[in-house]
Amino acid sequence: MADQNQILSTRHLLGIKDLNEKDIQLIFETADTFKDVLNRPIKKVPSLRDITIANIFFENSTRTRLSFELAQKRLSADTINFAASSSSVSKGETLIDTVNNILAMKVDMVVMRHPYPGAGIFLSKRVKAQIVNAGDGAHEHPTQALLDAFSIREKYGDVAGKKVAIIGDILHSRVALSNILCLQKLGAEVMVCGPTTLIPKYIKTLGVKVEFDLMKALNWCDVANMLRIQLERQDIKYFPSLREYSMLYGLNKNILDSLDKEITVMHPGPINRGVEITSDVADSKQSIILDQVENGVAVRMAVLYLLAGQK
Ligand code: CP
């Protein structure tokens, strides 16, 4: 376990912007220990035995919700789960009222996914519980970025100096912003690539390279993180058709094999097979997509454990 005297510089995890490099390295070292625990026959530790955590999801999720739940169970926390679609939110209850009712049941920590950017920040200023952002609209998805960077570190030994291309729908992606901030704090070079309509104009101010040609991006990078087209957040058409997008920005095995070096392929999921990535790439030995999912549990255990130490 990480040194008990080492603590995070933040009481909540609202975004990567609130973490410094030391925080991220502490999360990784703690996750290393928890990954060892997860590979033992008995995968459970009593670290959060006295902690109650509410997982409140106002948006759909498979990986993040299950990964947080499993992380909590492995740490022996008590958990309650809330899905907005089957709750009184549909009867007009506000976010604050919903959360205050949950907190009245003596909950210590809230893991929240919400469609509105800044929902976690809003909540953290109004309730006593610690808040973990599990994705807020197109803003941040900090634990996804942490598990992505942890997976790059596991593959290459270090994130510093690596060239990472984030390819696809950057405009609507919370994964892109959190990844950019996290990778840069760890010393990686970051490029974004996609159609002009899906690359926000402000992106250069973050210090990333911008490329509109997929082959140039792939030839530059060590790691390609392929993002999904977020049709659910697109109110207008940003490109003519998924078929055309796939022809210009989809990664297939022929392209992968034509590169001069062997790059690593990542994807935060859910994958749209045949759109941003073909099945033979997703399932190839260059893909670490399932390693990302596996590492997500250890990284989320580390985040919850370290935040609980802040109480
Ligand atoms: N990567 C990710 O956030 O997946 P879910 O939407 O399934 O949680």
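General observations
- Selected from Val297, Gln230, Thr197, residue furthest toward positive end of dipole (the chain; charges at beta carbon): Val297
- Taking the centroid of alpha carbons for each part, segment 148-181 and segment 109-124 are 23 Å apart.
- The angle between the Cα long axis of helix 289-308 and the longest principal axis of the Cα atoms of the chain comes to about 30 degrees, rounded to the nearest 10.
- In angstrom, the C-alpha Rg and Dmax of the chain are 19.2, 58.
- Fraction of accessible area attributable to carbon and sulfur, the chain (%, probe 1.4 Å): 51
- Calculated FRET efficiency, Asp283 to Thr197, Cβ-Cβ distance, R0 = 35 Å: about 0.70 to the nearest 0.05.
- In degrees, nearest ten, helix 21-38 long axis to first principal axis of the chain (Cα): 80
- For segment 97-177, the C-alpha radius of gyration divided by 2.2 N^0.38 Å, with N the number of residues, is 1.35.
- Rounded to the nearest 20 debye, the dipole magnitude of segment 62-138 is 120 debye, with +1 charges on Lys and Arg beta carbons, -1 on Asp and Glu beta carbons, and the Cα centre as origin.
- Here the peptides 209-221, 293-305 are ranked by packing, the mean other Cβ count within 10 Å, and the order with the highest first is 293-305, 209-221.
- Take the Cβ atoms of Arg49 and Asn100, set R0 to 25 Å, and the FRET efficiency comes out at 0.50.
- Note that the chain presents 44 Å² accessible area per residue, ligands and nucleic acids not counted, probe 1.4 Å.
- Most to least packed among 179-186, 138-145, 120-127, 156-163 [average Cβ atoms within 10 Å]: 138-145, 179-186, 120-127, 156-163
- Here the chain is treated with +1 on each Lys and Arg Cβ and -1 on each Asp and Glu Cβ, and its dipole about the Cα centre works out to around 580 debye.
- Under 20 Å from Lys185, Cα to Cα: lysines that are on another chain or at least 8 residues apart: Lys17, Lys22, Lys155, Lys162, Lys163, Lys204, Lys209
- Extending 7 Å from Cα along the Cβ direction at Asn20 and again at Ile42 yields two label points whose distance is 3.9 nm.
- Helix 174-185 axis, angle to the chain major axis (alpha carbon atoms, nearest 10°): 90
The values are calculated or read from the model by the stated rules, or taken from the named source; none is laboratory data. Remember, predicted model here, so these are calculated numbers, not experimental data. Don't worry about glycine lacking a Cβ; one is built from the backbone with ideal geometry, like all the others, and counts go over all protein chains shown. Please note that ligands, DNA and RNA were not included when accessible areas were found on the heavy atoms of the full protein model with its side chains. Shrake-Rupley method; radii C 1.70, N 1.55, O 1.52, S 1.80 Å.
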